[in-house]
Amino acid sequence: MNADPDVFGSVHLGYIVMETNRFTDWRRFGTDAIGMHHDDLSRDLMRFRLDDHACRFLLRRGPAEDVVAIGWHLDDHTTFEQIEARVRAHGVPVATGTAEEAGLRGVERLLRFAGPKGITQEIYTTPVLAADPLTMLASGWVTGDSGMGHVAITSARPALTRGYFDTVFDARLTDYIDETISGVKLKIRFLRVDERHHSIAIAAVHGLPIDPIRTRVQHLNIQAASLDDLARSYERIHELGFDMALSVGQHTNDRELSYYARTPSGFEWEIGWNPLVVDESTWEPSTHQGISVWGHTPVGQTIVDRLGQFRIAARSLLHPEKTVPALSGGGIP
């Protein structure tokens, strides 16, 4: 734990930066299927909005087909300077974003530093609010004090990954899920930085230092404002021919109703509705057996897909996962 004042509750998931060459497919996926507001900035840049913030997802042209940065909205400059001091005190380089980079992300003050799995972590204080009203198929999305959703990653070094978010953001363990998928035993750690049940989920293969996912992230989540929004987006995914990964179901731990679609870049996108909000005065971490009370059944997965995952997992043994040991606190189980 950090000796300086706790920043828990002053940190919120703010934006995601992705790199892709599939702009046409992403435009259809984000706008016509999911139902977000879309802005073209140039041939090589576009953004999606969920609310009055100018940017929630920034897509830039490039070959990664993956998330490359996560932006964290901090409540005030004191928290910003405190986290900056923590990172510097551990000997990890920090870089100040240029005015152009901050502008693309819709923020006024930007700092970046290394994060787990090669995902750059960025912090900012004041978001820029868009002048134009939202134009989108969804009625709205839940953001505010809960942040804009969550990020789920797989890790061969879960203790170090959890230690990182504890060291940098004073993340708290919400709970665990033990699950077996295709004969592989997983332990999933759920971490929160504010009232949202989790902003980061870390899945690891039990007892094996392998990573079965090609992308840095396994899925991204955003929260629909209504059950009708969730149902209509589910319908549009099918109508537009995008792949579904998991059908509608309800999670055991946060009780969120959700489904998972497959994005044009290959990782998954979860649309959720009505997750519980953590009461800090009474919450105690626990372990749940299985990710779902009901539903969330795989859609269209073949034996070829499963074999492909095993090949990716085997290759991960040859390429050690990127970590930031100086910020990982020695690893927290």
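Laboratory data are not the source of any read-out in this text; all were calculated from the coordinates shown. Since the structure is predicted, the reported quantities are computational estimates derived from the model, not experimental observations. With ideal geometry, Cβ positions are generated from the backbone for all residues, glycine too; neighbour counts draw on all protein chains shown.
Using only Cα atoms, locate the centre of region 232-271 and the centre of region 114-144, then give the distance between them in Å, rounded to an integer. Spelled out, the Cα-based centre of one part sits 20 Å from the other. Sorted on the mean count of surrounding Cβ atoms within 10 Å across their residues, most packed first, peptides 276-287, 202-213 read 202-213, 276-287.
Here the spin labels are modelled as points 7 Å beyond Cα on the Cα-Cβ line, and at residue 135 and residue 88 they lie 4.4 nm apart. Partner aspartates and glutamates whose Cα lies under 16 Å from the Cα of residue 322, excluding those fewer than 8 positions away in the same chain, are identified as 66, 211. Based on Cα contacts under 8 Å between residues 6+ apart, region 1-120 shows a relative contact order of 27 percent. Take the Cβ atoms of residue 243 and residue 287, set R0 to 22 Å, and the FRET efficiency comes out at 0.10.
How large is the translational diffusion coefficient of the chain in µm² per second when you combine the Kirkwood radius over alpha carbon pairs with Stokes-Einstein at 37 °C and 0.692 mPa s?
Estimated diffusion coefficient is 163 µm²/s.
Where a ≥ b ≥ c are the square roots of the eigenvalues of the C-alpha gyration tensor, would you call region 11-124 rounded, which needs a/c under 1.5, or, failing that, prolate if a/b is larger than b/c, or oblate? Prolate is the answer for region 11-124, as a/c is 1.5 or above and a/b outweighs b/c. Once you reduce region 179-205 and region 25-87 to the center of their Cα atoms, the two points are 23 Å from each other. Toward the positive end of the charge dipole of region 63-156, with +1 on the Cβ of Lys and Arg and -1 on the Cβ of Asp and Glu, the farthest Cα among 83, 156, 140 is that of 156. Per residue, the average separation of C-alpha pairs within less than 8 Å and at least 6 apart gives the chain a relative contact order of 20 percent.
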